[in-house]
Amino acid sequence: MYPLIAVIFAVTSLSAYTEKDVGRAGTISGKISYNGKPPSPLKLSITMDRKYCGESRDDDSWLITAAGGVKNVVVYLSDITSGKKMTAPQRLNINQVRCSYVPRLSVVAKDAELQVRSSDPVLHNIHTYREGSTLMNFAIPPLQGFAITKKLDKPGGIKLKCDVHNFMRGAIFVASNPYYAVTSNDGSFEISDVPPGTYTINTWHEAAGPIAQRVTVSDGGAVTWNAKIR
């Protein structure tokens with residue numbers, strides 16, 4: 001197995017993905033853990049619109065078990081160009097409910113349609129970033145039925161925040177192929193139906209640096225891949 005390679009930006013394939021019979025496909029599974037001592041849980045104080053947002057909440061950017069497993073890490077193959085049918089949704093609806101993004105983390109297909117709305121009777125602002133650069137930045141007034149629609153045409157991870165309520169955080173991962181998984185509560189994941197071949201496996205997490213490594217899947221083989229992020 002090749003050594004882990006820390007990369008500045010996760011590699012994302014720009015090739016068009018095509019569906020095909022995967023034959024004797026394999027699986028890639030493992031666990032993503034925190035590298036080092038996990039950060040102490042933070043309690044965020046809320047100073048604005050406390051009637052609707054509450055007085056405080058836990059920072060959920062990092063969700064780490066006592067054993068070090070990290071939840072909500074997207075693990076994906078960036079350079080696979082053909083295989084099983086695309087399973088990621090083509091549409092994503094994000095609501096803002098009691099000053100939280102619902103859902104908190106989503107994976108959608110490239111070119112999916114994003115619709116953002118709010119059920120809160122307060123002003124919100126949705127500001128999205130990819131690799132530090134602004135993608136969208138617009139206000140969402142407290143009006144029933146108001147929504148904004150945007151096409152997600154570039155693969156990769158997107159961070160969401162509200163400039164009005166700086167404790168609001170969310171994340172979207174735009175997938176260019178169906179070979180991805182989101183880690184569970186204990187940090188485990190599985191990517192199934194992988195055609196035989198050598199691929200680049202990557203991680204994306206809203207608060208961590210990405211990891212990339214080459215893995216080889218044999219006919220009907222099972223590959224174990226574990227990584228540490230921070």
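The values are calculated or read from the model by the stated rules, or taken from the named source; none is laboratory data. In this text, all values refer to a predicted model and were calculated from it rather than measured experimentally. Neighbour counts are summed over all protein chains in view; Cβ atoms, including those assigned to glycine, are modelled from backbone coordinates with ideal geometry.
Checking each residue in the range 40-67 for being farther than 25 Å from residue 109 by Cα, within 19 Å of the chain's Cα centre (by Cα) and either in the same structural domain as residue 166 (by TED's automatic domain parsing) or in a loop (DSSP other than H, G, I, E, B) (or both) picks out 59, 65.
Would you check which residues across the range 182-201 are part of a strand (DSSP E or B) and surrounded by 20 or more Cβ atoms within 10 Å (Cβ to Cβ) and list them?
189, 191, 194, 199, 201
For the range 122-131, check the following and say yes or no: at least one residue is exposed (fewer than 13 other Cβ atoms within 10 Å of the Cβ) and either of a type in the set (Lys, Arg) or more than 17 Å from the chain's Cα centre (by Cα) (or both). No, that holds for no residue.
How about the range 71-154: which strands (runs of 3 or more DSSP E) wholly inside it have at least 1 residues that are within 21 Å of residue 28 (Cβ to Cβ)?
The qualifying strands (runs of 3 or more DSSP E) are 74-77, 105-109.
From the list 100, 119, 61, the lone residue that is surrounded by 17 or more Cβ atoms within 10 Å (Cβ to Cβ), more than 30 Å from residue 17 (Cα to Cα) and among the small types (Gly, Ala, Ser) is 100.
For the range 65-80, the set of residues classified as on the phi < 0 side of the Ramachandran plot and crowded, with 17+ Cβ neighbours inside 10 Å consists of 69, 70, 71, 73, 74, 75, 76, 77, 78, 79, 80, listed by residue number.
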